[in-house]
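Below is one structure, written out as structure tokens, with a few remarks after it.
The values are calculated or read from the model by the stated rules, or taken from the named source; none is laboratory data. Please read these numbers as outputs of a predicted model, since none were measured by experiment. Here Cβ is always computed from backbone atoms with ideal geometry, including for glycine, and neighbour counts include all displayed protein chains. SASA here: full protein model, heavy atoms, side chains in, ligands and nucleic acids out. Shrake-Rupley method; radii C 1.70, N 1.55, O 1.52, S 1.80 Å.
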Amino acid sequence: MGVTDPAGPVMDRDEVDRALARLGAEHEAIETSLLALQDHAGRRLLEGAELTGTTQERWTATEASITLLWAYFDAYTAALRTAREIRARRRWSSREDLVELTELLRGESVTVAGSAAAAANAPTLLSAAGRLSERFSLAALVDRMNELYARSLDMVVAADAVWSALPARIDLLAAELQRTRKLAHSVGVRPGEHPAGDDLDRITRTLTRLREQVVSDPLAFWVPAEGSSAPGGGRPDTTVYDREARALEDVRREIDAVLTVRQDAEQRLVRLRDLLSRADRTLAEARTARGEVLAKIAATEVPVVSGPPTALQEQLAAAAEYRRQAQWHRLSPLLESLEQKAEDELLRARESLTAVTAPLAVRAELRGRLDAYKAKVARHGLAEDPFLVERYDAARRMLWSAPCDLRVAEEAVLRYQRAAAEQIGAPRVPQQGGPEDRRGEQT
């Protein structure tokens, strides 16, 4: 939409012809814009919608603006037609014609009558409140139409942009939500029984309410662009939609985890039974070993071996029942907890067996050390030495008798080591027992 030249002195014929040509072009552009606004899909939707809130208030004002626009355009059309008729009276216009044309084209010669409803709904659009008519120059009238058109188009484009973007996206998300709800129901994720089921209910309510609000009050979800004066500058506000889309994605991941549990639940249960069975067998072996240690080893502390934890077996039975009843949402966290506890239980059983059999391991190490030194003595030709034979036999009796006093047996082994070292000229074995004494020479 254009802008006419400001007023000036009496126009000559050439100036009049140029002004009429410019005004004709402006008239055509204004008409095209108004018809486009009239046919705009957003405007048609606004006319038929049940609006509320901000959109209802702005559409009431915009309807009044559009009504005034057409009234202004009709007055503009009439003034242009009158000017053309005056110019067409003579090929060479008289001064009186030129004065009349100058007043018509540059002066405040256009009177626009408005309606009471338009004045009430758009009070800022008339020069004074309560006035039902106003005089304009053609330039001022075009400026006023430009202003009204920009305001009206901005409102229509903003509403149409929100309606074009959000309802369709909400519907797609709602369809995805319904598929997710069915999948969740199939794996036992239901409201009141699983947090994800409660989340699905909340997302459903939020999306339903959001769609109703978007349809009835689209401008409540419009964010104008900062610093932009162009009509429709801005974007739809998708904050609520984006939040619920993320929440739905979180629920889908939770359901996927439950589905994974359903697919490999039997395999995981078998592995759990195996872990707990191995732990039980290890504990049973530790209890048997403890009896053997108490019978064969004297003067030593043997830790007590606890029995298998019944709580884990009860939880394993509960997990099997959850699987039988297809309560996957309950089975998932229980399996994760049981797997960690079963691993810990097997480790505890192994540590218990190691602690119980430690005295037997010490005895075996002493036996091995004694035999190693006997072989070393034989390599040096001292196998029949009476003193060494006596020391060897004394140590051997202690290590192969029951119950075996490990402290006394270790001293006997150390005495044999020192005697052998002296006989073959090896470095003297330290007097005090320690890590070196336990290793001995394995040459």
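Just one of the numbered conditions (1) more than 30 Å from residue 353 (Cβ to Cβ); (2) at pLDDT below 85; (3) more than 20 Å from the chain's Cα centre (by Cα) is not true of residue 254; which one?
(3)
Inspect all residues belonging to segment 362-383 and state whether any of them is touching a Leu at 6+ places or on another chain (Cβ under 7 Å), more than 17 Å from residue 418 (Cα to Cα) and assigned to a helix (DSSP H, G or I).
yes
Working carefully through the options 396, 438, find the one that is open to solvent by 50 Å² or more (accessible area, probe 1.4 Å), modelled with pLDDT under 85, of a type outside the set (S, T, N, Q) and more than 60 Å from the chain's Cα centre (by Cα).
Exactly one of 396, 438 is open to solvent by 50 Å² or more (accessible area, probe 1.4 Å), modelled with pLDDT under 85, of a type outside the set (S, T, N, Q) and more than 60 Å from the chain's Cα centre (by Cα), namely 438.
Return yes when residue 390 is modelled with pLDDT of 85 or more, surrounded by fewer than 17 Cβ atoms within 10 Å (Cβ to Cβ) and not hydroxyl-bearing (Ser, Thr, Tyr) and no when it is not.
Answer is yes for this residue.
Can you name every residue in segment 358-378 that is surrounded by fewer than 17 Cβ atoms within 10 Å (Cβ to Cβ) and more than 26 Å from residue 287 (Cα to Cα)?
Across segment 358-378, the qualifying residues are 371, 372, 375, 378.
In this structure, does residue 265 turn out to be buried (at least 19 other Cβ atoms within 10 Å of the Cβ), in contact (Cβ under 8 Å) with a residue 24 or more places away in the chain, part of a helix (DSSP H, G or I) and out of contact with any Ser or Thr (no Cβ under 7 Å at 6 or more places or on another chain)? Don't jump to the end; show me each part of the working.
Working: buried (at least 19 other Cβ atoms within 10 Å of the Cβ): yes; in contact (Cβ under 8 Å) with a residue 24 or more places away in the chain: yes; part of a helix (DSSP H, G or I): yes; out of contact with any Ser or Thr (no Cβ under 7 Å at 6 or more places or on another chain): yes.
It is true that residue 265 is buried (at least 19 other Cβ atoms within 10 Å of the Cβ), in contact (Cβ under 8 Å) with a residue 24 or more places away in the chain, part of a helix (DSSP H, G or I) and out of contact with any Ser or Thr (no Cβ under 7 Å at 6 or more places or on another chain).
Yes or no, residue by residue, for (1) among the aromatic types (Phe, Trp, Tyr); (2) over 16 Å from residue 21 (Cβ atoms); (3) within 60 Å of the chain's Cα centre (by Cα):
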residue: 65; (1), (2), (3): no, yes, yes
residue: 72; (1), (2), (3): yes, yes, yes
residue: 75; (1), (2), (3): no, yes, yes
residue: 78; (1), (2), (3): no, yes, no
residue: 86; (1), (2), (3): no, no, no
residue: 96; (1), (2), (3): no, yes, no
residue: 100; (1), (2), (3): no, yes, no
residue: 103; (1), (2), (3): no, yes, no
residue: 108; (1), (2), (3): no, yes, no
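Has segment 336-357 got at least one residue that is at pLDDT below 85, open to solvent by 20 Å² or more (accessible area, probe 1.4 Å) and closer than 25 Å to residue 268 by Cβ?
no
In segment 159-194, what count of residues is obtained for those that are loosely packed, with under 14 Cβ neighbours inside 10 Å and touching a residue at least 12 places away in the same chain (Cβ under 8 Å)?
Here the count works out to 2.
Quick grid of which residues meet (1) among the aliphatic types (A, V, I, L, M); (2) open to solvent by less than 80 Å² (accessible area, probe 1.4 Å):
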position: 10; (1), (2): yes, yes
position: 20; (1), (2): yes, yes
position: 39; (1), (2): no, no
position: 44; (1), (2): no, no
position: 53; (1), (2): no, yes
position: 58; (1), (2): no, no
position: 62; (1), (2): no, yes
position: 74; (1), (2): no, no
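Just one of 353, 399, 366 is touching a residue at least 12 places away in the same chain (Cβ under 8 Å), touching a helix residue (DSSP H, G or I) at 6+ places or on another chain (Cβ under 6 Å) and within 30 Å of residue 274 (Cα to Cα); which is it? So that I can check it myself, show each step before the final result.
Values: 399 fails: within 30 Å of residue 274 (Cα to Cα); 366 fails: within 30 Å of residue 274 (Cα to Cα).
Criteria check complete, one pass: 353.
Report the residue count in segment 80-101 for those that are open to solvent by 10 Å² or more (accessible area, probe 1.4 Å), out of contact with any Asp or Glu (no Cβ under 9 Å at 6 or more places or on another chain) and in a helix (DSSP H, G or I).
So the count comes out to 8.
Regarding residue 287, is this residue at pLDDT below 85 and of a type outside the set (S, T, N, Q)?
Numbers: at pLDDT below 85: no; of a type outside the set (S, T, N, Q): yes.
Taking the combined requirement at face value, the residue does not satisfy it.
Output yes when any residue across segment 370-392 is over 30 Å from residue 265 (Cα atoms), of a type outside the set (D, E, K, R) and in contact (Cβ under 8 Å) with a residue 60 or more places away in the chain, and no when none is.
Among the residues of segment 370-392, at least one is over 30 Å from residue 265 (Cα atoms), of a type outside the set (D, E, K, R) and in contact (Cβ under 8 Å) with a residue 60 or more places away in the chain, which makes the answer yes.
What number of residues within segment 400-433 are at pLDDT 80 or above, of a type in the set (S, T, N, Q) and closer than 29 Å to residue 294 by Cβ?
Going through segment 400-433 one residue at a time, the tally reaches 2.
For residues in segment 195-238 being farther than 17 Å from residue 51 by Cβ and of a type in the set (Ser, Thr, Tyr), which is most open to solvent (accessible area, probe 1.4 Å)?
229
Suppose the filter is among the acidic types (Asp, Glu), crowded, with 16+ Cβ neighbours inside 10 Å, in contact with a Gly (Cβ under 6 Å, 6 or more places away or on another chain) and outside any loop (DSSP other than H, G, I, E, B); does residue 15 pass it?
The answer is no for residue 15.
Check off (1) crowded, with 18+ Cβ neighbours inside 10 Å; (2) out of contact with any helix residue (DSSP H, G or I) (no Cβ under 8 Å at 6 or more places or on another chain); (3) among the acidic types (Asp, Glu) for residue 301 and give me the number that stays unchecked.
Of everything listed in (1) crowded, with 18+ Cβ neighbours inside 10 Å; (2) out of contact with any helix residue (DSSP H, G or I) (no Cβ under 8 Å at 6 or more places or on another chain); (3) among the acidic types (Asp, Glu), residue 301 misses just condition (1).
Taking segment 309-332, which residues are in contact (Cβ under 8 Å) with a residue 12 or more places away in the chain and either open to solvent by 60 Å² or more (accessible area, probe 1.4 Å) or aromatic (Phe, Trp, Tyr) (or both)?
Once the filter is applied, which keeps residues that are in contact (Cβ under 8 Å) with a residue 12 or more places away in the chain and either open to solvent by 60 Å² or more (accessible area, probe 1.4 Å) or aromatic (Phe, Trp, Tyr) (or both), segment 309-332 yields 313, 322, 323, 328, 330.
Only one of (1) out of contact with any Lys or Arg (no Cβ under 8 Å at 6 or more places or on another chain); (2) modelled with pLDDT under 85 fails for residue 371. Which number is that?
Failing condition for residue 371: (2).
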